[in-house]
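**Q** First, the structure itself, so that you have it in front of you.
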Amino acid sequence: MVAPALLLVIVVILWPVAQSFYNSLFDYRLNDPSRSERFLQSNIDLERYANDFFYLSRDLDGLSEQAPDPDASEKVSEIGSELMGFHEELLAMDGVGEQYEIVEERIASFQAIADRDLKYSQVDNDFAESYKDFLTAAEADLTALVEASDDEEFSTAASNVAGSINSTNAAVIESNFIGLSNYGRYLQNPRMWQSLMNTTVFTVISVGAELVLGLLIALLINRVFIGRGIVRASVLIPWAIPTAVAAMMWGFLYDGQTGIVAHYFEQFGLINDASVLLSTASGGMFSIIFADVWKTTPYMALLLLAGLQTIPNTLYEAADVDGASKWQQFWKITLPLLKSAILVALLFRTLDAFRVFDLIFVLTGGGPANSTESISIYAYITLFSQQNFGAGSVLSVIVFLCVAIISIIFIKFVGSDLFAGRSGR
């Protein structure tokens, strides 16, 4: 009976987290061809290398003949000789020569290399480092020859060859496995800590306000009065509105020129100017918290209402007979018996609030000046806007760890409350 649930947890939760952790161990960037794959071992992109080397070896021979003086010619010949040495050493590696020939044939036939195993070939880490060092130095030497030469034709040809060397250098891919270095970097990153602090402030204030208001609303709609059904339905309307739509709506309401909420806040003296709600750090944080409280308080009220309806009316009737006031009944009966429901509601809302993304993304985008940027927004920017999957995965793992810690703390309280005094079997 438990096995399907465990399998679901592993597939839906643990496997993606494990993949994120694995990605975080690499300098993995989709916007950098040399880091667009996860390589534990140094590799060479044979498709790119074969194409570049064909032109590079040919152009170096022609450049040596175009050199305006013997020293330049000797330097170009030396670069060509060392290049051929590295190339021959590469082809002599186990299996690389045969793979290189297949790739050359495909390129000559104008066929793309779709097979990853054919496109990339593992090479020795020391060789890859030495080869890249040589290519970097060769590019610098050719650039120096261009700067020192007055021959325009030679300078143009040397610049083109230097560009080909740079492209060949990019085809030699060193291992981008960096271990836990990303974690060390982000643990010292002020922006990460600022986004984590923003998330914590948002979570604590919004969840606290929603708990108080939600409890008051739950106590109200739990009472019997005329029109209770209409009141219950109307209270849930904010919760029914999609978050992105609600955020856009509040964006118009907060607008410094036409927003009615901003206008009345200014009229009531709550803010100095109507524009501060979306243009200042404190105004931005207040805006997203206020909008979240408006939207999510009904959810908290609904959870607490369910808890209130489990409390027997006979307890209140007995308290009335004993002469207890409504205030005493609230503190002695309602709150103690509602504790489990409160803890469950707090758990759900805290986890939901800590992962906040869509409300902030639509309403403020994390601004102004990252003052409302949550850890989820920062992870999204790093992952998808910057396409840095290694660093973004670190932030994703940090979010998971924070959520896990919050869950453990709450479950400990919930568990101790629900099972206190019960003997296990």
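The values are calculated or read from the model by the stated rules, or taken from the named source; none is laboratory data. Small disclaimer: the values here were computed from a predicted structure and weren't measured. Counting neighbours? That spans all protein chains shown, and the Cβs are built from the backbone with ideal geometry, glycine included. Please note that ligands, DNA and RNA were not included when accessible areas were found on the heavy atoms of the full protein model with its side chains. Shrake-Rupley method; radii C 1.70, N 1.55, O 1.52, S 1.80 Å.
**Q** Connecting C-alpha atoms closer than 10 Å in a GNM of the chain, tell me which of Ala114, Ala158, Ala345 has the biggest fluctuation.
**A** Ala114
**Q** Can you compute 3J(HN,Hα) from phi for each residue in the stretch 78-88, using the Karplus curve 6.51 cos²θ - 1.76 cosθ + 1.60 with θ = phi - 60°, rounded to whole Hz and x for Gly and Pro?
**A** Along the stretch 78-88, the couplings run 5, 4, x, 5, 5, 4, 5, x, 5, 4, 5 Hz.
**Q** Please work out the Cα center distance from the stretch 39-78 to the stretch 92-151, rounded to the nearest Å.
**A** 9 Å
**Q** Could you check which residue among Ile381, Ile217, Ile333 shows the biggest mean-square fluctuation in a GNM of the chain with a 10 Å Cα cutoff?
**A** Ile333
**Q** Taking amide H positions as placed in the peptide plane 1.01 Å from N, state which residues far from Ser36 in sequence (5 or more) or on other chains have amide H under 5 Å from it.
**A** Those qualifying (amide H under 5 Å, at least 5 residues apart or on another chain) are Arg29.
**Q** Using a 1.4 Å probe, what is the accessible area per residue for the stretch 294-425, in Å²?
**A** The answer is 52 Å² per residue.
**Q** Which residues' amide hydrogens lie under 5 Å from the amide hydrogen of Ser121, considering only partners 5 or more residues apart or on another chain, with H built in the peptide plane?
**A** Those qualifying (amide H under 5 Å, at least 5 residues apart or on another chain) are Ile44, Leu46.
**Q** A further question on this structure: Once every DSSP H run of n ≥ 4 in the chain is given -39500 (n - 2.57) and the sum is divided by its residues, what mean residue ellipticity at 222 nm do you get, rounded to the nearest 500 deg cm²/dmol? It would help to have the intermediate numbers written out before the result.
**A** Values: 22 runs with 300 residues, N = 425.
Only helices count here, giving -22500 deg cm²/dmol.
**Q** Another question, then. From the phi angles alone, apply the Karplus equation (6.51, -1.76, 1.60; θ = phi - 60°) to the stretch 96-101 and give each ³J(HN,Hα) in whole Hz, x where the residue is Gly or Pro.
**A** Computed from phi, the couplings for the stretch 96-101 are 6, x, 5, 5, 5, 5 Hz.
**Q** Which value, in debye to the nearest 20, gives the size of the charge dipole of the chain about its Cα centre, when Lys and Arg are +1 and Asp and Glu are -1 at the Cβ? Write down the numbers at each step before the final one.
**A** Values: 24 positive and 47 negative charges, 1072 e Å.
So the dipole magnitude of the chain works out to roughly 5140 debye.
**Q** Counting Lys and Arg as +1 and Asp and Glu as -1, each charge on the Cβ, what is the dipole of the stretch 1-93 about the Cα centre in debye, to the nearest 20?
**A** Details: 6 positive and 16 negative charges, 205 e Å.
Magnitude of the dipole: close to 980 debye.
**Q** Could I ask something else about it? Using only C-alpha positions, report the orientation-averaged shadow area of the convex hull of the stretch 145-279, nm², one decimal.
**A** The number I arrive at for the stretch 145-279 is 19.2 nm².
**Q** Hey, what angle do you get for helix 190-221 against the long axis of the chain, alpha-carbon based, 0 to 90 degrees rounded to 10?
**A** 20 degrees
**Q** Per-residue HN-Hα couplings for the stretch 285-298, Karplus 6.51 cos²θ - 1.76 cosθ + 1.60 at θ = phi - 60°, whole Hz, x for Gly and Pro?
**A** 5, 4, 5, 6, 5, 4, 5, 5, 4, 4, 7, 9, 4, x
**Q** If the cut-off is 22 Å between C-alpha atoms, which lysines fall inside it for Lys75, apart from same-chain ones fewer than 8 positions away?
**A** Candidates past the 8-residue exclusion: Lys132.
**Q** Putting +1 on Lys and Arg Cβ atoms and -1 on Asp and Glu Cβ atoms, find which of Gly259, Leu343, Met84 reaches farthest to the positive end of the dipole of the chain.
**A** Result: Leu343, furthest along the dipole toward the positive end.
**Q** How much accessible area per residue does the stretch 194-247 have, in Å², with a 1.4 Å probe?
**A** That works out to 54 Å² for each residue.
**Q** Additional query: If R0 is 41 Å, what FRET efficiency do you get for Leu270 and Phe225 from their C-beta distance, rounded to 0.05?
**A** 0.80
**Q** Which whole-number value in Å² is the accessible area per residue of the stretch 66-154, probe 1.4 Å?
**A** 60 Å²
**Q** Report, to the nearest whole %, how much of the accessible area of the chain belongs to carbon and sulfur atoms, 1.4 Å probe, protein only.
**A** 61 percent
**Q** Select one label from [x] 20, 33, 33, 14, 0; [y] 19, 35, 26, 15, 5, 0; [z] 27, 58, 14, 0: the one whose number is P(r) over Cα pairs in 20 Å bins from 0, in percent as derived from the coordinates shown.
**A** [y]
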